[in-house]
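> Sharing a structure below in structure tokens format, with a few things to ask.
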Amino acid sequence: MTRILAALGALLGVGLLALPLVGILLRAPWAEVPARLAQPAVRSALELSLVCSVSATVAGVVLGLPIAWLLARRDFPGRSVLRGLVTLPMVLPPVVGGLALLLAFGRRGVVGSWLESWTGLALPFTTFGVVVAETYVAMPFFVLAAEAGIRALDPRLEEAAATLGAGPWTRLRRVTLPLLLPSLRAGAIVCWARALGEFGATITFAGNLPGRTQTMPLAVYLAFETDPDAAIALSLVLVAVSLAVLVALRDRWLPA
């Protein structure tokens, strides 16, 4: 009986995940897809999505790894507060996150006004603003994966390397990072996937400017208002790119 219930639950879960994709495939205007995808605006949106999502992933790894290390290896006052702050973008509505970014980094924001007066750099409604928004919502996924990997790392291996005369950088390069690589890669993949699909924070903080801030999710939203078939065609591209990368990297980057 337990196996039957488990199988039924799994079947329902798979159906919930698969049926939306089936709906897109059945409703897709296949004859019009090549012409839709050949449009310059679509290519521009796709290129912008890939560039910004990869940039956000790099930023998430660079900024998130030290945070994950602190959370996993150091006991300090306020660690629970820091963990809550790091994971907040995961549960915060993306539009609220975009509004928070605008109030912080906008021209009249807490930091944005000083940033613009000192450097002349304005983040809202720019391509760099898209990267900032995507990093904000995607970095927590990398931090959680990296922290889990660091916690699972046996410190005795590093201690053994130190006993054999390996210095801190040698231990990091030869022992710690190779052991952490599966977790770091998994976290980076999830971070990239989240950045690629980001919508709410991007449109709120960076706007929807074609060729500048209009990523594929924003292009799908805009097309859906006037041409549903075009929105479905664009959705196919986004689904295909995401699935292709995740499937291709599954065996290489994620632990079995």
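The values are calculated or read from the model by the stated rules, or taken from the named source; none is laboratory data. All figures in this text were calculated on a predicted structure; none of them were measured in a lab. A quick note on method: Cβ atoms are made from the backbone with ideal geometry, for glycine too, and the neighbour counts reach across all protein chains shown.
> Taking only pairs six or more apart or across chains, which ones have beta-carbon atoms under 8 Å, a first residue in segment 62-80 that is modelled with pLDDT of 90 or more, and a second residue that is exposed (fewer than 11 other Cβ atoms within 10 Å of the Cβ) and not in a helix (DSSP H, G or I)?
Cβ pairs passing all conditions: LEU70/PHE76.
> How many residues, within segment 110-152, are surrounded by fewer than 23 Cβ atoms within 10 Å (Cβ to Cβ), among the β-branched types (Val, Ile, Thr) and farther than 26 Å from LEU70 by Cβ?
Qualifying residue count, segment 110-152: 3.
> Working only within segment 89-109, note down all residues that are within 22 Å of CYS191 (Cα to Cα) and exposed (fewer than 13 other Cβ atoms within 10 Å of the Cβ).
VAL91, PRO93
> Is it true that SER183 is modelled with pLDDT of 85 or more, under 18 Å from ALA68 (Cβ atoms) and surrounded by 13 or more Cβ atoms within 10 Å (Cβ to Cβ)?
On the way: modelled with pLDDT of 85 or more: yes; under 18 Å from ALA68 (Cβ atoms): yes; surrounded by 13 or more Cβ atoms within 10 Å (Cβ to Cβ): yes.
Judged against the criteria, SER183 is a match.
> Residues in segment 1-56 that are within 26 Å of the chain's Cα centre (by Cα) and aliphatic (A, V, I, L, M): how many? Step through it out loud before you land on a result.
Within segment 1-56, the subset within 26 Å of the chain's Cα centre (by Cα) is 13-25, 37, 40-56.
Adding the requirement that they be aliphatic (A, V, I, L, M) leaves 14, 16-19, 21-22, 24-25, 37, 41-42, 45-46, 48, 50-51, 54, 56.
Selection size over segment 1-56: 19.
> Working only within segment 73-87, note down all residues that are of a type outside the set (S, T, N, Q) and under 21 Å from the mean Cα position of the chain (by Cα). Give the steps one after another, and end with the answer.
Going residue by residue through segment 73-87, those that are of a type outside the set (S, T, N, Q) are 73-79, 81-86.
Across segment 73-87, the qualifying residues are LEU82, ARG83, GLY84, LEU85, VAL86.
> Further, regarding this structure: Would you tally the residues in segment 35-61 being in contact (Cβ under 8 Å) with a residue 12 or more places away in the chain, among the hydrophobic types (A, V, I, L, M, F, W, C) and more than 18 Å from ALA193 (Cα to Cα)?
Of the residues in segment 35-61, 3 are in contact (Cβ under 8 Å) with a residue 12 or more places away in the chain, among the hydrophobic types (A, V, I, L, M, F, W, C) and more than 18 Å from ALA193 (Cα to Cα).
> Look at ALA138 and say whether it is in a helix (DSSP H, G or I), within 22 Å of GLU198 (Cα to Cα) and free of Cβ contacts under 8 Å to residues at least 12 places away in the same chain. Reasoning before the result, please.
Numbers: in a helix (DSSP H, G or I): yes; within 22 Å of GLU198 (Cα to Cα): yes; free of Cβ contacts under 8 Å to residues at least 12 places away in the same chain: no.
So ALA138 fails the test.
> When you scan segment 54-75, do you find a residue that is surrounded by fewer than 12 Cβ atoms within 10 Å (Cβ to Cβ), out of contact with any Phe, Trp or Tyr (no Cβ under 8 Å at 6 or more places or on another chain) and among the aromatic types (Phe, Trp, Tyr), even just one?
no
> I've got another one for you. Need pairs with beta-carbon distance below 6 Å; first residue surrounded by 10 or more Cβ atoms within 10 Å (Cβ to Cβ) and within segment 8-33, second assigned to a helix (DSSP H, G or I) and of a type in the set (A, V, I, L, M); sequence gap 6+ or separate chains.
Within 6 Å, the pairs are ARG27/ILE232; ALA28/ILE232; ALA28/LEU236; VAL33/ALA233.
> Does VAL220 satisfy being under 27 Å from THR87 (Cβ atoms) and either at pLDDT 85 or above or buried (at least 20 other Cβ atoms within 10 Å of the Cβ) (or both)?
no
> Something else about it: When only residues in segment 210-249 that are among the small types (Gly, Ala, Ser) and without any contact (Cβ under 8 Å) to a residue 12 or more places away in the chain count, which is farthest from ALA38 (Cα to Cα)? Steps first, please.
At the first step, the residues of segment 210-249 found to be among the small types (Gly, Ala, Ser) are 211, 219, 223, 230-231, 233, 235, 240, 242, 244, 248.
Next cut, without any contact (Cβ under 8 Å) to a residue 12 or more places away in the chain only: 223, 231, 240, 244, 248.
Working: ALA223: 15, ALA231: 14, ALA240: 16, ALA244: 20, ALA248: 25 Å.
If we take residues in segment 210-249 being among the small types (Gly, Ala, Ser) and without any contact (Cβ under 8 Å) to a residue 12 or more places away in the chain, then ALA248 is farthest from ALA38 (Cα to Cα).
> Does any residue in segment 86-98 that is closer than 22 Å to TRP69 by Cα come within less than 6 Å, Cβ to Cβ, of a residue that is surrounded by 19 or more Cβ atoms within 10 Å (Cβ to Cβ) and among the aromatic types (Phe, Trp, Tyr) six or more places away or on a different chain, and which pairs are these?
Cβ pairs passing all conditions: PRO89/TYR136.
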